[in-house]
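No value in this document is a laboratory result; all are computed from the given coordinates. Worth saying up front: this structure is predicted, and the values here are computed from it rather than measured.
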Amino acid sequence: MARFFEIVELSNGDIALRRADEQEGDALVRIHFSDDAKASLQEHHLDVARVMLEAGVRLVGELSGMEVESDDFDVPEQDKRLH
């Protein structure tokens, strides 16, 4: 498992978790919010997805005996979209 992960918003609007050291290839996990959900969340869908993904990675870490730090996640500020 990679030491650091990135949470990015893909060009289709999905939120993805990927290894920070692997810019190419499939995401580890993708979250798709419906248009209704995005409208309800307004601009906070990325924050909700981040919390969901962090919780999942923490649980996987606990189950495997690894500790996951908040610093292990990187949300790119300049480019939140992959093309």
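Karplus-derived 3J(HN,Hα) values for region 23-33, using 6.51 cos²θ - 1.76 cosθ + 1.60 with θ = phi - 60°, are 6, 9, x, 6, 6, 5, 8, 10, 10, 10, 9 Hz; glycine and proline are entered as x.
For region 15-20, the Karplus equation 6.51 cos²θ - 1.76 cosθ + 1.60, evaluated at θ = phi - 60°, returns couplings of 9, 10, 10, 9, 5, 5 Hz by residue, with Gly and Pro reported as x.
Less than 5 angstrom separates the built amide H of PHE33 from those of ILE15, all sequence-distant by 5 or more or on a different chain. Taking square-rooted eigenvalues a ≥ b ≥ c of the alpha carbon gyration tensor, is region 5-69 rounded, prolate or oblate, where a/c under 1.5 means rounded and, failing that, a/b exceeding b/c means prolate? In terms of gyration-tensor shape, oblate. The string of couplings for region 37-53 from the Karplus curve (6.51, -1.76, 1.60, θ = phi - 60°) is 5, 4, 5, 5, 7, 6, 8, 9, 4, 5, 5, 5, 4, 4, 5, 4, 5 Hz, one whole number per residue in order, with x for Gly and Pro.
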